[in-house]
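Read the structure below first, then the notes.
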Amino acid sequence: MTTDNYPLDPSRIPSHIAIIMDGNGRWARSCGRERTEGHVAGVNTVRRITESASRLGVKYLTLYAFSTENWGRPRAEVDALMHLISMAIERETPDLIRNNVRLGLIGDMQRVPDDVRRRLEKCVADTSSSTGLNLILAISYSSRVEITAACRRLAALAAAGRIDPSAIGEDDISANLMTAGIPDPDLLIRTGGDSRLSNFLLWQAAYTEIVIEHAFWPDFDEALFVKAIADYQRRERRYGLTSEQVSDSSEPSGT
Ligand code: IPE
Ligand code: IPE
Ligand code: MG
């Protein structure tokens, strides 16, 4: 493993890593190719990083593959991306099963073309008994849509008299998001150099450590992944407390 320059503390591997896989288009342009060729190259990185995450003992890896806003891209690019997702899932399912990886999905699957959705759902079913890495693909995902849906569901329950509005807590919001049951990300990596969340896990990333990596997604590799984790391990997660308080205890004492 390429950890020589960045020794990792095996006891502090982030349990949940989320990645905004950005820069495929710019990578392609930088070598005079079509944007879609950047997406093809990006699929190889997904495979590499999934394998690295498994090997390192990461429990959850959430990859932002396609946002709700990405539906607004040129039709040919959207079609190419959907086709690519479908092909990659079909090709990789046997290896996911062999590597004990369990696939999960977040996003509005109703907008995903039927054949692609069926293939994704088949992979979820085929890998459902895996007990290793949880690989969660965010496809047609919008954090604001997700939070809005949670509010709507809770409002309907309140209107029906089934819950008391004054008793709604943060846990109720979390439990009504598509990430229900998944711990919040410890580390969020964005490739491609931009410092923004682009509507990804806005609620869940409240105290996530963020690493911006300048490399474009097709150039992201295990060495850069390990470097980002090493950066995370050097951080002090204070959760609003003072440094002295957190060095006494590794957990926040309350809000
Ligand atoms: C990320 O790469 C992949 C998707 C958003 C689907 P981009 O396609 O956004 O690449 P850039 O940001 O234009 O370089
Ligand atoms: C974020 O990338 C979405 C994904 C990586 C799937 P974008 O390229 O869509 O984000 P913006 O437009 O730069 O904010
Ligand atoms: Mg982009």
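The values are calculated or read from the model by the stated rules, or taken from the named source; none is laboratory data. These figures come from a predicted structure and were not determined experimentally. Positions of Cβ are backbone-derived with ideal geometry, glycine not excepted, and every protein chain shown enters the neighbour counts.
So, in segment 34-57, exactly how many residues are of a type in the set (A, V, I, L, M, F, W, C) and either free of Cβ contacts under 8 Å to residues at least 60 places away in the same chain or surrounded by fewer than 14 Cβ atoms within 10 Å (Cβ to Cβ) (or both)?
Residues of segment 34-57 that are of a type in the set (A, V, I, L, M, F, W, C), as a first pass: 40-41, 43, 46, 49, 53, 56.
From what's left, either free of Cβ contacts under 8 Å to residues at least 60 places away in the same chain or surrounded by fewer than 14 Cβ atoms within 10 Å (Cβ to Cβ) (or both): 40, 43, 46.
Result for segment 34-57: 3.
Please go through (1) loosely packed, with under 13 Cβ neighbours inside 10 Å; (2) in a helix (DSSP H, G or I) for V226 and return the number of the only condition it doesn't satisfy.
(1)
Residues in segment 1-33 that are surrounded by fewer than 17 Cβ atoms within 10 Å (Cβ to Cβ) and either within 16 Å of ligand 2 (Cβ to nearest atom) or at pLDDT below 95 (or both): how many?
Final tally of qualifying residues: 9.
Which of the residues that make up segment 205-215 are in a loop (DSSP other than H, G, I, E, B) and of a type in the set (D, E)?
Result: E213, single match.
Can you tell me which residues in segment 185-210 are under 20 Å from I139 (Cβ atoms), buried (at least 16 other Cβ atoms within 10 Å of the Cβ) and more than 10 Å from ligand 2 (Cβ to nearest atom)?
Scanning segment 185-210 gives P185, L188, I189, L201, W203, Q204, A205.
Restricting attention to segment 191-204, does a residue exist that is in a loop (DSSP other than H, G, I, E, B), in contact with an Asp or Glu (Cβ under 6 Å, 6 or more places away or on another chain), touching a residue at least 24 places away in the same chain (Cβ under 8 Å) and within 13 Å of ligand 1 (Cβ to nearest atom)?
First pass over segment 191-204, keeping only residues in a loop (DSSP other than H, G, I, E, B): 191-204.
Adding the requirement that they be in contact with an Asp or Glu (Cβ under 6 Å, 6 or more places away or on another chain) leaves 191-192, 204.
Cutting the leftovers down to touching a residue at least 24 places away in the same chain (Cβ under 8 Å) gives us 191-192, 204.
Okay, now just the ones that are also within 13 Å of ligand 1 (Cβ to nearest atom), so 191-192.
Yes - at least one qualifying residue is present in segment 191-204.
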